[in-house]
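What follows is a set of notes on a single structure, which appears directly below.
The values are calculated or read from the model by the stated rules, or taken from the named source; none is laboratory data. If you're wondering where the values come from, they're calculated on a predicted model, not measured in any experiment. When we count neighbours, we look across all protein chains shown, and the Cβ atoms used for this are built from the backbone with ideal geometry, even at glycine.
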Amino acid sequence: MSETRHTKVLIIGSGPAGYTAAVYAARAMIEPILVQGLEPGGQLTTTTEVENYPSFIDIQGPELMMKMEEHARAMGTEIIGDIITSIDFDQRPFVAQSDSGTVYTADSIILATGARAKWLGLESEEAFKGFGVSACATCDGFFYRGKEIVVIGGGNTAVEEALFLTNFASKVTLIHRRDELRSEKILQDRLFKNPKIEPLWFHEVEEVLGDENPKGVTGVRVKHTKTGETQVIDCAGVFVAIGHAPANELVKDVLDTHMGGYVVTQPDSTATSIPGVFAAGDLTDHKYRQAVTSAGMGCMAALEAERFLAEQE
């Protein structure tokens, strides 16, 4: 028989937004429950150096998230390693079903489910995921020591991954469909100064090439976006870094969304289209997508949830 747990505020997600919301909610004596989700710690657990989070000149992403989790626990948050699979927003209190079978009822909900890596959508990419195709340099970079690899993308993530991968690879080819990067200038400077990185402008990947026995990537076929000419680039690994999509599966058919699925919140607020449901972090933020802005929204969500609960009383 499944267990039912009740809380005044259920926090779903465990990135900077979720853990910060937990700290503020716990300090307000709301006794929050935080359900970590599929990827405890969120995207920062797959990041290397974090240099832009206040008070830490240089810290590893996983370490930063461990500290946030410790802080939330120390304040009194109950943190549970579970996955919320569905939420009934029509009932009050709200009813959330979990993968473990536990049912969570909540007077208010803070959604902090974040975002996930986008993929190219190629059959060949899918065929070699885990066998040379990856979206996480920190997870898989070690396996390409002394080998040639490619990184696909032109934003901060792509440049950061390319730079990190030079710690292992003999050469990194950065493939981008335009001739200029969207990343921060400081990252671009580092990339252009790195002798191991070679940008390939005006190209996109058409196919990932590889062997079946043993299974692994051997190269990519790329096409020039202007001329249509194709060529093969030999490589042992392909790292896809073309952005992220909001993890909105729980709410995409219930809450108002925009800009490709990001949850809409009221101006200067984390309140969603359902009273008592708040959203923070990359689930709502298509513009900044920084750890510090996510943490700020987590703070806002907890304060607004506290105010909402007080009004209900």
Picking from T105, T85, the residue that is exposed (fewer than 15 other Cβ atoms within 10 Å of the Cβ), of a type outside the set (G, A, S), in the same structural domain as A302 (by TED's automatic domain parsing) and part of a strand (DSSP E or B) would be T85
How about the stretch 119-133: which of its residues are surrounded by fewer than 16 Cβ atoms within 10 Å (Cβ to Cβ) and either without any contact (Cβ under 8 Å) to a residue 60 or more places away in the chain or of a type in the set (D, E, K, R) (or both)? G121, E123, E126, K129, G130
Please work out which residue is farthest from I87 (Cα to Cα), limiting yourself to the stretch 1-15 and to residues that are in contact with a strand residue (DSSP E or B) (Cβ under 6 Å, 6 or more places away or on another chain) and surrounded by fewer than 12 Cβ atoms within 10 Å (Cβ to Cβ). S2
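Can you confirm whether I233 is β-branched (V, I, T), under 22 Å from N156 (Cβ atoms) and surrounded by 14 or more Cβ atoms within 10 Å (Cβ to Cβ)?
No: the conditions fail for I233.
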Assuming T138 fulfils every condition listed in (1) within 18 Å of G37 (Cα to Cα); (2) under 23 Å from the mean Cα position of the chain (by Cα) apart from one, which condition is it? (1)
So, of the residues in the stretch 88-102 that are within 25 Å of the chain's Cα centre (by Cα) and closer than 21 Å to Y19 by Cβ, which turns out to be surrounded by the fewest Cβ atoms within 10 Å (Cβ to Cβ)? D99
Please enumerate the residues belonging to the stretch 254-313 that are β-branched (V, I, T), buried (at least 16 other Cβ atoms within 10 Å of the Cβ) and not in a loop (DSSP other than H, G, I, E, B). T257, V263, V277, T293
Scan the stretch 18-54 for residues that are more than 15 Å from E306 (Cβ to Cβ), of a type in the set (G, A, S), touching a strand residue (DSSP E or B) at 6+ places or on another chain (Cβ under 8 Å) and assigned to a helix (DSSP H, G or I) and report the count. 1
Test set (1) crowded, with 19+ Cβ neighbours inside 10 Å; (2) out of contact with any helix residue (DSSP H, G or I) (no Cβ under 7 Å at 6 or more places or on another chain) - A28 fails condition number: (2)
Considering only the stretch 224-273, state which residues are in contact with a His (Cβ under 7 Å, 6 or more places away or on another chain) and in the same structural domain as A135 (by TED's automatic domain parsing). H224, T225
Can you name the residue in the stretch 108-128 that is out of contact with any Gly (no Cβ under 8 Å at 6 or more places or on another chain) and part of a loop (DSSP other than H, G, I, E, B) and, of all such residues, is nearest to D285 (Cα to Cα)? W119
Test: residue in the stretch 167-182 that is acidic (D, E), out of contact with any Cys (no Cβ under 6 Å at 6 or more places or on another chain) and under 18 Å from A135 (Cβ atoms): no
In the set E69, E63, E78, the lone residue that is in the same structural domain as L250 (by TED's automatic domain parsing), within 23 Å of the chain's Cα centre (by Cα) and within 15 Å of E39 (Cβ to Cβ) is E69
For the subset of the stretch 134-156 comprising residues that are buried (at least 24 other Cβ atoms within 10 Å of the Cβ) and of a type in the set (V, I, T), which member is farthest from S183 (Cα to Cα)? I149
Are any of the residues in the stretch 131-138 assigned to a helix (DSSP H, G or I) and among the hydrophobic types (A, V, I, L, M, F, W, C)? yes
